[in-house]
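Working notes, structure below.
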Amino acid sequence: MTPPSSARTSARLSLLMAAAAGCSDYSFTGKEEPKGGGEEQPTDSGGDTSAPPDTDAPPPPDEECDGIDNNGDGRVDEGWPDIDGDGVADCTDEECGLDRPTLRSEAAEDCAGSTSTSTPPADPWSTVVEWQFTGGAVYSTPAVGDLDQDGAPEVVFTHAGAGSPLRVVDGRTGALRWELPGVDNQSGVALGDIDGDGLGDIIATTGSCYTAHDVLAVDHTGAIKWRVAGSPAACETYPVLVDLTGDGTVEVIVNEHVFEGATGRLLLTLPVGADNWGAPAAVDMDGDGLSEIMLGNDLFSHDGGLRFTCGVADVGGFPHPVNADADPEGEMLVAGNGSMTLCDDDGRELWRRPYSSYGAPLAIADFDDDGVQEYAFAKTSSLTLIQPDNTTLWSTPVIDYSGLAGATSWDIDLDGVPEVVYADEEDILVFDGATGAVVLRFGSHGSVTLAETPAVADVDGDGQGELLYGSNTSLTGLTVIGGAGGDWPFAPTVYNQYSYYGDNINEDLSVPPGGPAPWLSEANLFRGQPSAVFFEAGLPNLRVEITDVCAASCAEDGAVGVAGQAWNDGGVELPAGVVVELWGFVGGVETFLARAVLPDPIPAGGAVALELEVTVAQAREGLRLQGDLAGAVAECKEDDNAGDWSGALCP
């Protein structure tokens, strides 16, 4: 409903602690009779011979309720009601001494650990299609993130439909938000807040294979923030967002170019060969707080200086940051054209594994729960898991003519050990990490297997992860699948770029400083979604209550102050921008009265005071404070967002 035109509404937010007594139990009285007022009686003068009073002098004027001492007796507005007892008559008083709340600090036990206490699915390998887009071939890895920070994630991808557009859809339904034509439909995207405005941006490229690529920075509405010339010496491009120096600014890496995120200004051009078809990565390899850049088979310092070259890159050269030994420094694993090579942190080659076909994007994780990373890669006829010493742990048949398709990982059965997730030319496949057994085969797929990989994220904000992947042959478009029982484990609402590994992006799409090394986190993976067992927070849970109501006067249009608070007893921060509304029962009809928008996030266990103002006519029949009525934020509990008041206000 819309508020009545005569509604007198306002809203203020504060962080005031409670003070003074409540005012909703004030007594109400009518106007008092003026004192005196009758004929004066003679008195015994006791022999006083002074002159009698001048009976011809005019009487003093009556006291009016106007904030003026009308009768000259030194008192203002005497005889008029002062309900709140503040010394000011109600007829001139706009304040009633509203009692501010004592802010809550509490946590709901069943919300604080909702993500880390996900229970294993009853049947983790039974799936359901949640939604599909079939309007054009998808050759790249989709990205997921809440671009506009409204609590509902978006899915972003390129496709080969009319106009070769960048497409942004509602992650809950797949419904189109907007499209931007003219992008490279075989290249991927990266999502993140590139300029610190609190909202997500998209990095995409124009052009096509081995033609000039412009780099586009696009905001959450589809408006282009900047456009600069990119690389002509690449086929597929997969941008990387990173804060290279830990100074709070974001850099954008697209092929051999490094740009300033906020402006698009070119910072570096890395000296690479003529063909850099592959995907960069950026990680602090040596623990000095500065990120190194991997492109092709080269490792560069944050400032563009070449550290070393490892193995062969050429067509489809994919570098990976790994930790293959006991020291904290990272090693570089290059899956290039014709061979895979592992180099130590000083560039010394440790081993080389030959194969036929292009390079490949790998999933790096501890797939057998032995505390050491393994490497999952697909080559034409098999997907193989190898140990850091180049021994084969297992190999399982797949169908991939190009050998370019990549793998990712996620712990679907919630046993603490990730599965390998891969899409070959015909199926979506999930492999048991320890044995290589195919535990899930989903046939609604078809691909020529370029460098795309599936992605894993909570695309609809319901607290459970989904798999999403592109198709580009007999089936075209994008498919999102989830657990048929609705009980797949928690996953964050983000999978923002091809080199995603959890710690290199925050869920609000801010970029953490320094490109933290993946092996220094508990999840210990690269190109994959961390298991739910590593998320100890939970979901936010908004609560609201009305703590005091008081009237400055009982006139129908008299001001009524309403004090309350909103608090978060969930396990993670409640985002900024949540709407709290005040409703009244006017003539028995629930009617919107006032609105407050929470300007700042509320941390877990935190609270914020609310102060709103309505009229006696609006508040007389009762009030209700309602938080997040539109359901914009996914919460631990969705049915505890209201607080009612039905006390006596005025006679």
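The values are calculated or read from the model by the stated rules, or taken from the named source; none is laboratory data. Here the structure is a predicted model, which is why all the values come from computation and not from measurement. We place every Cβ from the backbone using ideal geometry, glycine too, and count neighbours over all the protein chains shown. Each accessible area value is taken on the protein alone, full model and side chains, heavy atoms only, with ligands, DNA and RNA left out. Shrake-Rupley method; radii C 1.70, N 1.55, O 1.52, S 1.80 Å.
Observations on the model:
- Within the range 130-152, the set of residues being surrounded by 23 or more Cβ atoms within 10 Å (Cβ to Cβ) and over 30 Å from GLU573 (Cβ atoms) comprises PHE133, VAL138, TYR139, SER140.
- Within the span defined as the range 331-342, every residue fails to be modelled with pLDDT under 95, more than 22 Å from ALA282 (Cβ to Cβ) and within 36 Å of the chain's Cα centre (by Cα).
- Annotation: of all residues in the range 183-206 being within 25 Å of TYR501 (Cβ to Cβ), polar (S, T, N, Q) and in a loop (DSSP other than H, G, I, E, B), the one that is least open to solvent (accessible area, probe 1.4 Å) is SER187.
- Selected residue (criterion: surrounded by the fewest Cβ atoms within 10 Å (Cβ to Cβ)) from residues of the range 535-569 that are at pLDDT below 85 and closer than 30 Å to ILE412 by Cβ: GLU536
- Strands (runs of 3 or more DSSP E) (entirely within the range 207-260) containing at least 2 residues that are open to solvent by 10 Å² or more (accessible area, probe 1.4 Å): 224-229, 257-260
- The set of residues from the range 430-456 being among the small types (Gly, Ala, Ser) and open to solvent by 10 Å² or more (accessible area, probe 1.4 Å) comprises ALA434, ALA437, GLY443, SER444.
- Verdict on TRP567 being among the aromatic types (Phe, Trp, Tyr), out of contact with any Gly (no Cβ under 9 Å at 6 or more places or on another chain) and within 27 Å of CYS111 (Cβ to Cβ): no
- Whichever residue in the range 158-182 is among the basic types (Lys, Arg) and assigned to a strand (DSSP E or B) and, among such residues, is surrounded by the fewest Cβ atoms within 10 Å (Cβ to Cβ): ARG177
- Index of the failed condition, VAL459 passing every other in (1) in a loop (DSSP other than H, G, I, E, B); (2) open to solvent by 10 Å² or more (accessible area, probe 1.4 Å); (3) at pLDDT 95 or above; (4) aliphatic (A, V, I, L, M): (2)
- CYS550 being assigned to a loop (DSSP other than H, G, I, E, B) and over 21 Å from VAL597 (Cβ atoms): no
- Remark: ASP640 falls outside the filter, which requires a residue to be farther than 27 Å from GLU106 by Cα, among the charged types (D, E, K, R), open to solvent by 10 Å² or more (accessible area, probe 1.4 Å) and in a loop (DSSP other than H, G, I, E, B).
- Of the residues making up the range 327-352, those that are touching a residue at least 24 places away in the same chain (Cβ under 8 Å) and either open to solvent by 50 Å² or more (accessible area, probe 1.4 Å) or in a loop (DSSP other than H, G, I, E, B) (or both) are PRO328, GLU329, GLY330, ASN337, GLY338, ASP345, ASP346, GLY347, GLU349, LEU350, ARG352.
- Condition check for THR392: at pLDDT 95 or above and farther than 17 Å from GLU331 by Cβ: yes
- Consider the range 97-129 and keep the residues that are open to solvent by 70 Å² or more (accessible area, probe 1.4 Å) and β-branched (Val, Ile, Thr). The one that is modelled with the lowest pLDDT is THR117.
- Inside the range 620-634, residues that are open to solvent by less than 10 Å² (accessible area, probe 1.4 Å) and either in a loop (DSSP other than H, G, I, E, B) or closer than 15 Å to GLY570 by Cα (or both) make up a count of 2.
- Residues that are free of Cβ contacts under 8 Å to residues at least 60 places away in the same chain, under 16 Å from ARG527 (Cβ atoms) and crowded, with 24+ Cβ neighbours inside 10 Å within the range 375-408 comprise TYR375, ALA376, PHE377, ALA378, LEU383, LEU385, ALA405, listed in sequence order.
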